[in-house]
Every structure is written in structure tokens, then in C-alpha cells.
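Note sheet for the following structure.
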Amino acid sequence: MYLLDTDTLTHLYRGNSNVIRQLKAVEDVDVGITIITKVEVLRGRIDYLLKAETGADLLKAQELLFRTEELLSQLLIVPMSQAASREFDRLRAVSKYRKIGRADLLIASITLANKATLITRNKRHFKQIPNLRVENWVD
């Protein structure tokens, strides 16, 4: 299983040819996102809508939110599980991982619990976590 991080999902949404090519190459394998990635993406779209200053900006933000919801409805969403919550507790107990953002630790926990590979450009943070498989499909 491959799980797309928020940055990679954004590049897919924008039509990045490298991400699309890689997706086609692994089409026999499950590809999805974590519930945390879904929350991050929707929160960004909702914030954009709430901060819109003009009527035109509101309509544009609303359309982006609707398009994003449509894209997300087509993806496998991997939830937090008991195993992932145990991974999260284990990672949070290691002091050097506390510098990694909470959302990234949650994404890593879900990825580890599902024995998946995380697809992200943010290899710097995630490479610190042992046994977490990380690939960059964007560059």
C-alpha cells in the first residue's frame, strides 16, 4: 500500500506528471491517504473559504472546496486504528521525534501500522523514523 502525504496529494491535484506516472506504474497496489491528510487538505480549503475577502474569492474558494471533496471521495482513506494509535504513543515517547509535527507523527503512525510506504517530498522529517518506508514521487 502507498499512502500519499498532503504535499504529494496537492501535486496530484495539480496534475504533476511524475506523480501521475508513478500512480500508473503501481495501479495494482492500493493507493490512498490517511485520515490526517484528508483533514489537512479540507482544513486548508475551508480556511481559504473563510478568509476570502470578495464575492469572487468566495465563489472560487467554494469551487475549490467542492473539487477537493470530489477528489477525496475517489480515494481510499485509511483511518486511525488501535495499531496506529499504539505506534503514535510509541513515537511520542521518543524525545527526538517530538520535533516532528503532530500531524506528521500521526501520518507516520498510520503508515507504519498498515505496513505501507509513505509518498512525500518531506523526507527530512520522516526519514528519522525507523522502519518507515518513504518515497518521493514529485521530483
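Structure summary
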quantity	calculated
The range 1-92: GluC sites (Glu not before Pro) in DSSP coil with no more than 15 other Cβ atoms inside 10 Å	Glu27, Glu53
Span from the the range 87-139 Cα centroid across to the the range 1-19 one, whole angstrom	17
Residue-averaged 222 nm ellipticity for the chain, from DSSP H runs of 4+ at -39500 (n - 2.57), nearest 500	-17500 deg cm²/dmol
Net length gained if the chain between Ile35 and Arg124 were fully extended (0.36 nm per residue, minus Cα distance)	29.9 nm
Rounded FRET efficiency, nearest 0.05, which uses the C-beta distance separating Lys60 from Tyr97 and R0 of 25 Å	0.05
Cross-link pairs beyond the 23 Å C-alpha cut-off, checked among Lys60/Lys123; Lys24/Lys115; Lys38/Lys123	Lys60/Lys123
Label-point gap, in nm, between Asp7 and Ile20 - each point 7 angstrom along Cα→Cβ	2.2
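FYI, it's all coordinate maths here, none of it is from the lab. From a predicted model like this one, the values you see are computed outputs, not experimental measurements. Ideal geometry is used to build each Cβ from the backbone, glycine not excepted, and the neighbour counts take in all protein chains shown.
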